[in-house]
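Take a look at the structure set out below.
The values are calculated or read from the model by the stated rules, or taken from the named source; none is laboratory data. These figures come from a predicted structure and were not determined experimentally. Because the Cβ atoms are built from the backbone with ideal geometry, glycine has one as well, and the counts that use them run over all protein chains shown.
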Amino acid sequence: MIVPDATEYVRTVFDQAAATLRRVDQEYLQAVTAGAELLVEALTSGRRVFVFGNGGSAADAQHIAAELVGRFAQERPALPAVALATNSALLTAWSNDRGYDDAFARELSALAASGDVAWAISTSGNSPSVVRALTVARERGLRTLGLTGTAGGEMRRLCDVLIAAPATETPRIQELHVITYHAICALVEQRLFATPRSAAALNRDT
């Protein structure tokens with residue numbers, strides 16, 4: 001039997017999530033659009049996307065990579081996206097021997113090249129491993145895209161496009177992140193595959 005008080009508590013969670021969505025303004029929407037355009041520019045140039053974060057953000061990174069490599073809303077060619085830290089042997093070996101803060105940066109330095117995109121996710125914007133990876137990405141000539149909370153943290157100075165969710169509580173930030181990257185994936189597909197010319201260009205690259 002569901003306790004009435006528990007039902008009301010669940011309602012407050014949904015109400016809080018809805019309130020976060022209502023705080024989305026035109027500036028936020030413009031940042032989301034700019035993030036999608038950054039990806040479109042890189043992908044049409046034959047570049048790759050590397051996504052990374054910790055905890056729930058690591059799961060989001062894998063979700064994003066799956067949507068880009070597989071499909072989001074339409075049938076189309078695969079898009080080159082990699083979620084970092086999915087190689088557990090590398091992650092644990094490097095973290096054990098050298099420390100975790102450089103784990104993403106190490107993998108990025110091995111796989112990425114100038115013109116690729118480093119897509120970082122951190123609700124605080126201050127995760128040391130994420131900040132370090134963005135620093136290395138800048139040094140190597142990557143474009144940088146960030147998903148974070150309203151404060152932005154250290155990521156503000158390291159991202160070409162920063163999408164800062166208008167929330168301070170981690171669950172609310174993460175909930176908006178999911179909708180945000182779904183919107184980005186949908187827009188990327190629309191921009192890349194809406195015309196035969198753009199789709200043909202990507203087919204040649206893949």
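Some notes on this structure:
- Exactly one residue out of P77, P166 is more than 29 Å from L21 (Cβ to Cβ) and either in contact (Cβ under 8 Å) with a residue 40 or more places away in the chain or surrounded by 14 or more Cβ atoms within 10 Å (Cβ to Cβ) (or both): that is P77.
- Test for D97: is it surrounded by fewer than 22 Cβ atoms within 10 Å (Cβ to Cβ), closer than 16 Å to A58 by Cβ and either touching a residue at least 60 places away in the same chain (Cβ under 8 Å) or acidic (D, E) (or both): no
- Filtered by the rule that a residue be in contact with a strand residue (DSSP E or B) (Cβ under 8 Å, 6 or more places away or on another chain), surrounded by fewer than 22 Cβ atoms within 10 Å (Cβ to Cβ) and among the polar types (S, T, N, Q), the stretch 100-128 gives a lone residue, S124.
- Residue match in the stretch 146-159 (condition: outside any helix (DSSP H, G or I), out of contact with any Pro (no Cβ under 7 Å at 6 or more places or on another chain), at pLDDT below 95 and at negative phi): yes
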